[in-house]
Amino acid sequence: MGLDSRITALISLMKACRLTNAVFLPEERREARSRIQAIANGELVGKAVSETIASAQMAMMAAVNAAIVASAASSSSSSNQ
């Protein structure tokens, strides 16, 4: 039986957010990670969710870096006056 696309999306989101330890008991984690990996990599929805999360994380890092550079440039400019 195939997984519903909503379930696949939730499992992929759980993987992307690294929630396995929060959801599963220590003795369940190894098998859970293996199954989650297979689901997330094997389904189009899972791949899309993982790629979307990765893109959002990259965009957030770029925005933070831009803010740091702008702040440093502003501080440098202010101290030169």
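General remarks:
- Lone qualifier among GLU27, GLU31 - being over 22 Å from LEU3 (Cα atoms) and over 12 Å from the mean Cα position of the chain (by Cα): GLU27
- All helices (runs of 4 or more DSSP H) inside the chain with 1 or more residues being small (Gly, Ala, Ser), surrounded by 10 or more Cβ atoms within 10 Å (Cβ to Cβ) and modelled with pLDDT of 85 or more: 29-42, 44-79
The values are calculated or read from the model by the stated rules, or taken from the named source; none is laboratory data. Everything numeric here is computed off the predicted structure, so don't read it as measured data. Cβ sites come from the backbone with ideal geometry, for glycine too, and all protein chains shown count toward neighbours.
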